[in-house]
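Throughout, read-outs are computed from the coordinates displayed, never taken from laboratory work. Just so it is clear, the structure is predicted and the values come from calculations on it, not from any experiment. Positions of Cβ are backbone-derived with ideal geometry, glycine not excepted, and every protein chain shown enters the neighbour counts.
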Amino acid sequence: MSKNSKLRFQPKDTFEKELQSRVDNYFDQTGKPRRDCPQIYLKTAILFIWTAVAYLLILFGNLSTPGIIICLISLAVSVDGIGFNVMHDAIHGAYSNNPKINKFMSHSIDLIGGNSYFWYWKHNYLHHTYPNIKGHDEDIEVGVLGRFCPHHKRYFFHRFQHLYIWFLYGFISVKWHFWDDYMKFVRGAINGVKIKRPKGYDLAVLFIGKAIFYSFILVIPSLFFPFHKVLLCYLFAAFIQGMIMSVVFQLAHCHEEAEFPLSKNDPPEMETSWIVHQLETTANFARNNKLLNWYIGGLNYQIEHHLFPRISHINYPALSKIVEKTCREYGIRYFSFDTLGSSLNSHYSWLFKLGRSEV
């Protein structure tokens, strides 16, 4: 199958129509907004103030080494929080009803080291359309160092991936900041799937955004501290950021309960409808953990996010009850890990099994 061939899913049936009807009725009856939720604006203010305070304390707080380490960890956590809550909703069009506000807030990723244009293609288009499908979903295509899908080639060192992958997760951010977006631009492709290179405004955002980010993490701090210390601090904070980001995004799809289906026929098509595919390849986790839900922007309600990506994550806890009930009635799979620990354990076990060809 060519990576550039568009996969076809089966047509919708009564389940999909009933689920959409129930979700629409929920908003009609409660009067709650799908987007422009007051909570997201308050959360945005908290996260940006948190990030600014941590950054300024590092520069001007005259802190001891332990104090700087604490602030670097705090900075990494707050930056990921901006990505999980503000950028993520905005690029999906779930932050506001106003497209201009969504566009503006989506540029928060350009300020924290990524690129809004390439994130849209990588995440919104490829991952959300084709989760857990080899050759299409870049989130499971991590190169030879990791085997996340049973259809990938296994190498002898994958026997140890359940141990070393956590360390590699920490360097995802560094790779993202200095390599990935540039390579996507040069190749005009993501994981072999051709995309349009950014032009005009989007091209300017790519390079100006990177320049602003490099100024914040390297240039400005170097005015106050020796460069080698600045570089060390950046690597430490980026490692924490990458670890958190990688784990959060992998827990929903890369575990023992997820399906990794292959297409059939020519042109290629899947055996299920698009919505059923999302349910079979996705799981929620720790739905009752309110603090975790607040911090990761509802990404522990990944099922609801994949089914309704243009609805603010503020609504996911309520929608999850509707989705789960409807799935049970129609005999459709709906899976949720009770705790963060159980989802982490399943991810670990999945990596262990794939490394030993036990699946």
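Here are the numbers:
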quantity	calculated
Relative frequency of Cα-Cα separations exceeding 28 Å in the chain, percent	46 percent
Span from the segment 314-338 Cα centroid across to the segment 47-62 one, whole angstrom	40 Å
Given LYS194/LYS321; LYS153/LYS175; LYS6/LYS153; LYS6/LYS184; LYS100/LYS325, the pairs whose alpha carbons are separated by over 29 Å	LYS194/LYS321; LYS100/LYS325
Loop trypsin sites (Lys or Arg not before Pro), segment 246-335 (other Cβ atoms within 10 Å of the site Cβ: 15 or fewer; DSSP)	ARG310, ARG333
Debye, to nearest 20: dipole size of segment 8-355, +1 on Lys, Arg Cβ, -1 on Asp, Glu Cβ	580 debye
Sequence of SER96, SER357, SER173 once ranked by neighbouring C-beta atoms within 10 Å, starting from the fewest	SER357, SER96, SER173
Among 339-350, 273-284, 51-62, the order from most to least packed when residues are scored by Cβ within 10 Å on average	273-284, 339-350, 51-62
Mean residue ellipticity (222 nm) of the chain, computed from DSSP H runs ≥ 4 via -39,500 (n - 2.57), nearest 500	-16000 deg cm²/dmol
